[in-house]
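First up is the structure itself, then whatever we jot down about it.
The values are calculated or read from the model by the stated rules, or taken from the named source; none is laboratory data. Being a predicted model, the structure only gives us computed values, none of them experimental. Positions of Cβ are backbone-derived with ideal geometry, glycine not excepted, and every protein chain shown enters the neighbour counts.
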Amino acid sequence: MTQRASQDPLPSEPPVSPTGRSSRRRALKYLLLAVVITLAGATYYYAFCNWSFHSREWTSRAIEPAIRKGLDYLYASEAFARAIEDGGEAPPHFFFLELVLRRHDHPGLGEQMARAKELNKDNWEWRAYYGMPGWPRHELTALDRSRIEYAVGHSPANFWAEWVFHGLYPSWTKLRPEEEERLLLDTTRLTTDYQLTHALLAYLWMKRSDPAVAAQRNVDRLIGQVSTRLYRSQTWDPCTSDLYNERLAFWLYMDEPPPLKQRWIERLILSQNADGGWTFDRSVLRTLGQFVGYDRGPGKSSPHATFLALYALAEYDACH
């Protein structure tokens, strides 16, 4: 047997031209640059939403003037001076604003609210909220109770009213089956932050109005579930708005709020309009301006967004 005198040559890689190498290097540089820019942008986005740009002392000093301006705005708006039938505020709004006024008195606004209460005393929807924890106790009439029972079971357009009424009177009101399912059994069916905040308020009122029923329904577990989802939203929400304020306000209404970031309170202060109020709707343009260090100007103030901001600031200030 004879050995082959020579081996077949092995296949070789085709030569790479200098132009090809240069193109690959450029593509790699662009890729690395894109990665760096993306990481830097994501870091700044997170920082903008969550890292304090001012000292804790700055935030503490700014709260009192912000509250004063906000109360002056509400007084000038006369939103809390009218009856419900004339476009006045609902009782829960009075409830949270009264908690602010316990710490930061405003005689003119207090007088407006007292007149509005007098105007509303014959309105059954006003009386339906007599069960709010901490409000003066008044007996509900049989007609009031029947109206509340009906509202809890027949108000799909105002599901939040069903929830909060049930939270106030859980022992003798009954939710519609679909509402009981998503409010008390499967909170994953709460699909928006608006639903989550109002579910949270219903749970908190249930705990305070009827602790036995709340314990039976394991309301503490439900509070934890919705609060976790709201916390995630607040962490990544660059836009201040009514809902931004509402998350903070309802957390601070809790007996044991989650750990709130100073930046969230700082942003609340920085988003106050020149007239002292706060804006209801999210403003992407204004947020983009703030993102690069320029406030694009005042938004349209809303009494609803304002009393929520004031409550959050007053409670935060008291706790810190």
### Task
May I ask you to list the residues in the stretch 59-102 that are surrounded by fewer than 21 Cβ atoms within 10 Å (Cβ to Cβ), among the hydrophobic types (A, V, I, L, M, F, W, C), in contact with a Gly (Cβ under 9 Å, 6 or more places away or on another chain) and not in a helix (DSSP H, G or I)?
A81
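With respect to L175, determine if the residue is hydrophobic (A, V, I, L, M, F, W, C), modelled with pLDDT of 95 or more and over 23 Å from E256 (Cβ atoms).
Working: hydrophobic (A, V, I, L, M, F, W, C): yes; modelled with pLDDT of 95 or more: yes; over 23 Å from E256 (Cβ atoms): yes.
It is true that L175 is hydrophobic (A, V, I, L, M, F, W, C), modelled with pLDDT of 95 or more and over 23 Å from E256 (Cβ atoms).
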### Summary
The residue that is farthest from Y311 (Cα to Cα), considering only those in the stretch 103-120 that are part of a loop (DSSP other than H, G, I, E, B) and not charged (D, E, K, R), is H106
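Look at S283 and say whether it is modelled with pLDDT of 95 or more and either within 16 Å of the chain's Cα centre (by Cα) or not small (G, A, S) (or both). Give the derivation first.
Numbers: modelled with pLDDT of 95 or more: no; either within 16 Å of the chain's Cα centre (by Cα) or not small (G, A, S) (or both): yes.
Spelling it out, it is not the case that S283 is modelled with pLDDT of 95 or more and either within 16 Å of the chain's Cα centre (by Cα) or not small (G, A, S) (or both).
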### Query
Tell me, which residue of the stretch 268-285 that is in a helix (DSSP H, G or I) and without any contact (Cβ under 8 Å) to a residue 40 or more places away in the chain is nearest to L313 (Cα to Cα)?
L270
### Summary
Just one listed residue, out of W126, W135, W51, is crowded, with 16+ Cβ neighbours inside 10 Å and in contact (Cβ under 8 Å) with a residue 12 or more places away in the chain, and it is W126
### Message
Scan the stretch 167-176 and tell me whether some residue there is among the basic types (K, R), surrounded by fewer than 20 Cβ atoms within 10 Å (Cβ to Cβ) and in contact with a His (Cβ under 9 Å, 6 or more places away or on another chain).
### Response
yes
### Query
With the stretch 149-267 as the region, which helices (runs of 4 or more DSSP H) entirely inside it contain at least 1 residues that are in contact with a helix residue (DSSP H, G or I) (Cβ under 8 Å, 6 or more places away or on another chain) and hydrophobic (A, V, I, L, M, F, W, C)?
159-168, 193-209, 211-216, 219-236, 242-253
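More than 12 Å from the chain's Cα centre (by Cα) and either surrounded by fewer than 22 Cβ atoms within 10 Å (Cβ to Cβ) or modelled with pLDDT of 95 or more (or both): which single residue out of R232, R263 fits that description?
R263
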